[in-house]
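The values are calculated or read from the model by the stated rules, or taken from the named source; none is laboratory data. Since we're looking at a predicted model, the values are computed, not measured. As a convention, Cβ positions derive from the backbone with ideal geometry for all residues, glycine included, and neighbour counts pool all protein chains shown.
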Amino acid sequence: MDLGAATPTDASRWSFANGMGGWSVSGAGTAKAGAGGMQFAATGGDCQLLSPPLQLPVLDKWYAHLRVTATGADRASVIWAADKVSGMQRLPFQLRADGKPHVYNLDLSGTPGWTGNCLLFGLALPQGATGILEQAALTAEPEGPADVEVTGFIVEDALNRAGRDCRLLLTLTNHGGAPATGLKIAKLDLPPGVRLLGTGGR
C-alpha cells in the first residue's frame, strides 16, 4: 500500500478542535476543520477519513477511541493498514446517528488484522453520513466520559398472560471509559392497560 512520501509518525492521539491534524479525506466526501472538530460529509459509499502515515506498534493499543456527532447513517467502520497483513483492515460498528456527540471505545484486541505496526488509521463512512469527528485515539483502555445507551427493554417472561404481574428488564450499555453513576429513570411511558407496581431488583 502506497502511503505517500510523508515521514511516518508514532502519533496515537488526535484532536480536531484546532485543525485537521494531518488527516485527509479519500473518496467521495468532504472534510474540513470547523467549530468543534473535523466536519465531514460522505457523498458516496467510499468516503474515508485517514490519518497521516504511521509507524505505530499496536502491542499496547487495544482500543480505537472516537468522539463523533453524526446524522444520516447508522453504520461506520474503523479502518487501518498494518505491516503484518495485506490490504486495508476494518471493524464495523453501530453509529448513533442522532445528531448528538457520542463516545466510542471499539475493542481491536480480538481482530486478527490488528498486529505488528499500524501504518494508517481512519474512519470509513457510508453515503449520507454527516457530522463532526472531535477526537480519535488508539489507546490501552476505554477512555472518555460515561455515555449510556438503552440497548434492551423487554418483559422477563415473553409468554406473560393478561392480568398477571411481570418484570420489565432494562439493559444499559456504557460506551465511555468513566463509570456511569447516579442513573435514574426520569420518565416511563406505559401503554394503556399497563401500570407500574414497583421498582427495584432481586
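One residue alone among PRO126, PRO101, PRO179, PRO191 is under 29 Å from THR71 (Cα atoms), loosely packed, with under 14 Cβ neighbours inside 10 Å and not hydroxyl-bearing (Ser, Thr, Tyr), and that residue is PRO179. Modelled with pLDDT of 95 or more and either among the basic types (Lys, Arg) or within 21 Å of PRO112 (Cβ to Cβ) (or both): does that describe ALA70? Taking the combined requirement at face value, the residue does not satisfy it. Scanning segment 29-57 for residues that are part of a loop (DSSP other than H, G, I, E, B) and surrounded by fewer than 22 Cβ atoms within 10 Å (Cβ to Cβ) turns up ALA35, GLY36, THR43, GLY44, GLY45, ASP46, PRO52, PRO53, GLN55. Here LEU172 clears all of (1) among the hydrophobic types (A, V, I, L, M, F, W, C); (2) part of a strand (DSSP E or B); (3) surrounded by 14 or more Cβ atoms within 10 Å (Cβ to Cβ) except the condition numbered (3).
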